[in-house]
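The values are calculated or read from the model by the stated rules, or taken from the named source; none is laboratory data. Because the structure is a prediction, the values reported are computed rather than measured. Glycine gets a Cβ as well: all are built from the backbone with ideal geometry, and neighbour counts include every protein chain shown.
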Amino acid sequence: MEKLQNKVAIVTGGSRGIGRAIALRLAAEGAKVVVTATTKAGADKTADEICQSGGQAVGFEANVVDVKQVESLMKGTVDQFGALHILVNNAGFTRDNLVMRMSDEDWNAVITTNLTGTFNCIRAASKIMMKQRSGKIINITSVVALMGNKGQANYCAAKAGVIGLTKSVARELASRNIQINAVAPGFILTDLTAGLPEAAKTAMLQSIPLERVGTPEDVASVVAFLASSDSDYITGQVFNVDGGMVMG
């Protein structure tokens, strides 16, 4: 049974990695998916993959930092599919460096995209969902928001901010039957992590009780659950998908 039949979902940063896997999984569960990326070609690539598999999807060029583009995304989604039931805030990136060497530009760019971009999308989507008196918002954070990580002060701060944002907005919108949760991936095999030095990969594996790296599909499975009616009594929570790396 397709648990998301007749639902409409937006997945930001859906051109590759975790975002792509989430878009594919939501579509497989029956959702009509709007895939966003900073380039139309990137968004269309995932959307086309969904359509070729028999699903419904469109690609949409949108930079989550740009408020006007975000508002256009929300309007375009409703114009295309008639509603918005699910928002997955996945768009983000890293610019790693030690604090003493980190530039203002790298600090601001990561905070703005990962945190402010998530806020922009939540604010715009909540207006639609409040009128519907229903909705699911899933924010992709990271286990480093909980444990810190050397050389990623900007990214850790942004992703920790996403957790605080998730809990605050969950309280604000609960009365309108809108559930908002966060998913915190651990060491997930993507294009970004594939390029890590072998020594770093080995050290990371030693910190994972399940003794393997995660896959984008592992994350997508949890997102699909949170997007479905199975999670109707869950809000303001953070779900670690990390093989046991962070406990407690």
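Structure values in brief
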| item | result |
| --- | --- |
| The lone exception for A31 - which of (1) hydrophobic (A, V, I, L, M, F, W, C); (2) surrounded by fewer than 21 Cβ atoms within 10 Å (Cβ to Cβ); (3) out of contact with any helix residue (DSSP H, G or I) (no Cβ under 6 Å at 6 or more places or on another chain) it fails | (2) |
| G92 being of a type outside the set (S, T, N, Q) and modelled with pLDDT of 95 or more | no |
| Where E198 falls short, out of the listed (1) loosely packed, with under 14 Cβ neighbours inside 10 Å; (2) in contact (Cβ under 8 Å) with a residue 12 or more places away in the chain | (2) |
| Residue that is nearest to A9 (Cα to Cα), among those in the stretch 43-57 that are touching a helix residue (DSSP H, G or I) at 6+ places or on another chain (Cβ under 8 Å) and surrounded by fewer than 19 Cβ atoms within 10 Å (Cβ to Cβ) | Q56 |
| Members of the stretch 226-248 that are part of a helix (DSSP H, G or I) and either at pLDDT below 95 or buried (at least 18 other Cβ atoms within 10 Å of the Cβ) (or both) | L226, A227, S231 |
| Residue within the stretch 136-143 that is among the charged types (D, E, K, R), more than 30 Å from V99 (Cβ to Cβ), at pLDDT 95 or above and not in a helix (DSSP H, G or I) present | yes |
| Filter result for A174 (part of a strand (DSSP E or B), in contact (Cβ under 8 Å) with a residue 60 or more places away in the chain and over 16 Å from T112 (Cβ atoms)) | no |
| All positions within the stretch 212-224 that are surrounded by fewer than 18 Cβ atoms within 10 Å (Cβ to Cβ), under 14 Å from A27 (Cα atoms) and in contact with a strand residue (DSSP E or B) (Cβ under 9 Å, 6 or more places away or on another chain) | S221 |
| Whichever residue in the stretch 135-161 is under 15 Å from the mean Cα position of the chain (by Cα) and under 24 Å from S228 (Cβ atoms) and, among such residues, is surrounded by the fewest Cβ atoms within 10 Å (Cβ to Cβ) | V143 |
| Cβ pairs under 7 Å, 6+ apart, first in the stretch 99-110 and over 13 Å from C156 (Cα atoms), second of a type in the set (A, V, I, L, M, F, W, C) | M102/A153 |
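Okay, residues lined up against (1) outside any loop (DSSP other than H, G, I, E, B); (2) hydrophobic (A, V, I, L, M, F, W, C):
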| residue | (1), (2) |
| --- | --- |
| L4 | no, yes |
| G14 | no, no |
| I22 | yes, yes |
| G30 | no, no |
| F60 | yes, yes |
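Residue-wise test of (1) farther than 24 Å from F239 by Cα; (2) surrounded by 22 or more Cβ atoms within 10 Å (Cβ to Cβ); (3) among the basic types (K, R); (4) touching an Asp or Glu at 6+ places or on another chain (Cβ under 6 Å).
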{"residue": "I111", "(1), (2), (3), (4)": "no, no, no, no"}
{"residue": "R133", "(1), (2), (3), (4)": "yes, no, yes, no"}
{"residue": "I163", "(1), (2), (3), (4)": "no, no, no, no"}
{"residue": "V183", "(1), (2), (3), (4)": "no, yes, no, no"}
